[in-house]
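Notes to accompany the following structure.
The values are calculated or read from the model by the stated rules, or taken from the named source; none is laboratory data. What you see is a predicted model, and the numbers here were worked out from it, not measured in a lab. So basically every Cβ, Gly included, is an ideal-geometry build from the backbone, and we count neighbours across all protein chains shown. These accessible areas exclude ligands, DNA and RNA; they are computed on the full protein's heavy atoms, side chains included. Shrake-Rupley method; radii C 1.70, N 1.55, O 1.52, S 1.80 Å.
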Amino acid sequence: MNIKGKLASLAIVLALVAPVMTFAAPTKVVEWWHIGTAANDKAMFQGFADAYMKLHSDVQINITVLENEAFKSKLTTVMQSGNPPDVFQTWGGGVLGEYAQAGLLRDISKETKDTAWGKSMAAGVWATYTVDGKIYAVPNDAGCITFWYNKDLLAKVGYKSFPTDWADFLTLVKKLKAAGITPISLAGNDKWPAMHMWSYIALRLGGASLFADTVSGKNKAGFNEATWVKAGTMLNELAALKPFQDGFLGATYNDEAALVGNGVAAMELMGQWAPNVQKDNSSSKAGLGDKLAAAPFPAIKGGKGKVTEVIGGGGGFALGKNASDAAVDFVKFLTNVENMTTWAKTSGILATTKGAEVGITDPNAKMVKALVDKCTFFQLYLDQAFPPAVGGAVNDAVQTILAGTATPTQACAAIQSAFVAK
Amino acid sequence: MAKRSIPKGSLNRANFLTLAILLGPALILFTALVIVPVFEAAIFSFYKWNGFGPMVNFRGFQNYIQFFKDAIVHKALLHNLIIAVVSLVVELPIAMLLAVIVCDPKFKGAVFFRTFFFLPYVLSEVITGVLWQFIYHPQYGLVRAIWGLFAPIETAPTLMGNTTTLLWAILVVIIWKYFGFHMTIYIAGLQDIPREQIEAATIDGASSWQTFISVTLPGMRTSIQLSVFFAIIGSFQLFDIVWAMGKGDPVNAGETIVTYMYKIGLQRFNIGYGGTIAVCIFLICLFFNVFYQKILVREDD
């Protein structure tokens, strides 16, 4: 056989094998990727899959468990190859939007809009997973960013509850500092925790309309608008009090959680998962326990924002473009009241399905859940709400403000130019 | 099947088969995993593309213009250059000095120290990064503890949270990790120099410095060329250690061109511009390689 002949036969063999390798899966196989790496989560999800397979003997659910960061990079790779798993973890927003626009997701509007399934959750929670009016994922967890503080450390400087006003908050910071306690733990290197600080100040200053109009493009100045800049200036004023731990610009989120969990720093601004991560990163593996409490971001005098306006997010399961009806039905099964109650009990998620809140027992989690349920405006985390290029620019910009390498005006201009370029 | 006769003097059938078996797998893998992606990157470097779906947004040379204007690219390339220069003027002389010391026949414990100095190189890059993060940790780090012995602990530097010190903190790690590798190259080079030459120089009354300059160094020409090449190419490809030590942040203070490419292409879904950066890194390395081979390595033949 000459070389051409050999190559040709090789090509034929490959051509025969390739489709078998990629499309051999019968329709009833559901590929499910989740990030519940903790032992209890893993067992619970396996239990859900086993229970479903028992009810539907023709369905085979294959689970892939991946650690958070590994999941993100692996998912990106399979998305670029155009071959997404059937059911997978999502946080909605800009990233989900990019997948949807590239036609990589299954539209489940038909199954969820105005159906019993859709109505089993509050109308607001679907927005994060809606792209151009179509729903692509089912939420299971919805919470918001609050301050998580150490009651004992606050009591030491005479605070029985968390300040509800920004000026009082600054006084608290000064008192903690004077008492030799690190007031705020902040992951400056991971950027997004600092970004939440800036975006919450902006929300309290400008209110819902500032966010809605900037995101929609109705506000022509966009992020150059004076309120966004002022939020940067106020962040600088806070930073001038040196409220963050030494070397916070190099700190990761795990460092941030460890300082609060070990009782070194008095507070952090974080999402509903904060208690669990503090526990994991504390040297005792127990966290603060009863000493930990949550409080909404304080109001700012003269600002248009109300304390009922929140920045938050959560998680859900998205459906890949090749997802079968069985896959959709399986997600429906996952989000039924019984399973969601178990889920809330096991992992401490703020379950979205109505009635599953009985599974939430922790008073702090209940308080965060109540904030979300009663909120008058819900903004998805600013770095998640946009495509990654813009979200990344938002995070970068806040870091430059804190590092003092850019003025708030320059930082906001950088965000706006990324926003326009998208 | 193939009855075609092969002319004498060229590949005969057995030879061809051997070649195909030995080279084939490597050639196929190299083509699929190196050559094809290089060309693919070159193609999408002309597009604005997020990596999903078809490429439709052709931008011409826009991405390349952006590359030359991008302040972070300038910063990252400057960092790469600093790392290369520091490797050459600090790391390689240290490696040379240690190689000469452990190769001295009068030196006891040569085997132990050779292994000892080589140890950091055995560690994986990511482990190294994590390890040094502990050493530099602003609250619990070793550096802080040692500082506390001599000065008030509150004044301890936070090397990784400071935009002026981060790069230098990373450089210490790079030197620590790779000097043993270069030392090993030099040891191999030193062992090639005939001992009689050195003895002859000593008998002729040359001081040990004169012997080093006039006999040892010229004899190690090839090893030095090799280690300089590795040091420079390594500097321009540096990724893992920097990534494990704060991803080049805060504010790109430790950014290298490869960490920036990764952020743009894979984290921010800007595959088009990421491709542009990749092509430029490729060209820089290729240019250096050709230049180095032609000008520096050839002339001693």
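For this structure, a couple of remarks:
- Residue within segment A:242-265 that is among the small types (Gly, Ala, Ser) and away from every other protein chain (no Cβ under 14 Å) present: no
- Considering segment A:370-399, the residues that are more than 12 Å from A:Trp198 (Cα to Cα) and polar (S, T, N, Q) include one that is nearest to the other protein chains (Cβ to nearest Cβ), namely A:Gln384.
- B:Leu77 being more than 12 Å from chain A (Cβ to nearest Cβ) and surrounded by fewer than 12 Cβ atoms within 10 Å (Cβ to Cβ): no
- In segment B:45-62, the residues that are closer than 14 Å to A:Met79 by Cα and within 14 Å of chain A (Cβ to nearest Cβ) reach residues that are of a type in the set (Phe, Trp, Tyr) and open to solvent by less than 50 Å² (accessible area, probe 1.4 Å) with C-beta atoms within less than 7 angstrom, at least six apart or across chains, in these pairs: B:Asn50/B:Phe269; B:Gly51/B:Phe269; B:Phe52/A:Tyr99.
- Segment A:37-72, residues that are among the polar types (S, T, N, Q) and buried (at least 16 other Cβ atoms within 10 Å of the Cβ): none
- Looking across segment B:16-34 at every residue that is over 30 Å from B:Val279 (Cβ atoms) and open to solvent by 80 Å² or more (accessible area, probe 1.4 Å), the one that is farthest from the chain's Cα centre (by Cα) is identified as B:Leu17.
- Options B:Ile174, B:Ile224, B:Ile170; residue that is part of a helix (DSSP H, G or I), within 14 Å of chain A (Cβ to nearest Cβ), under 26 Å from B:Phe116 (Cβ atoms) and open to solvent by less than 60 Å² (accessible area, probe 1.4 Å): B:Ile170
- Qualifying residue in segment A:146-158 (condition: part of a strand (DSSP E or B), modelled with pLDDT of 95 or more and over 25 Å from the mean Cα position of the chain (by Cα)): no
- The number of residues in segment A:345-356 that are open to solvent by less than 10 Å² (accessible area, probe 1.4 Å) and out of contact with any Asp or Glu (no Cβ under 7 Å at 6 or more places or on another chain) comes to 2.
- Which numbered condition A:Asp213 fails, given (1) in a loop (DSSP other than H, G, I, E, B); (2) over 17 Å from A:Asn254 (Cα atoms): (1)
- Within segment B:141-166, the residues that satisfy the criterion of being open to solvent by 40 Å² or more (accessible area, probe 1.4 Å), over 28 Å from the mean Cα position of the chain (by Cα) and more than 9 Å from chain A (Cβ to nearest Cβ) are B:Ala145, B:Ile146, B:Trp147, B:Leu149, B:Phe150, B:Pro152, B:Ile153, B:Thr155.
- Residues of segment A:225-262 that turn out to be open to solvent by 20 Å² or more (accessible area, probe 1.4 Å) and on the phi > 0 side of the Ramachandran plot, as a count: 1
- A:Ser209, sole failed condition from (1) under 20 Å from the mean Cα position of the chain (by Cα); (2) open to solvent by 10 Å² or more (accessible area, probe 1.4 Å); (3) farther than 17 Å from A:Ala187 by Cα: (1)
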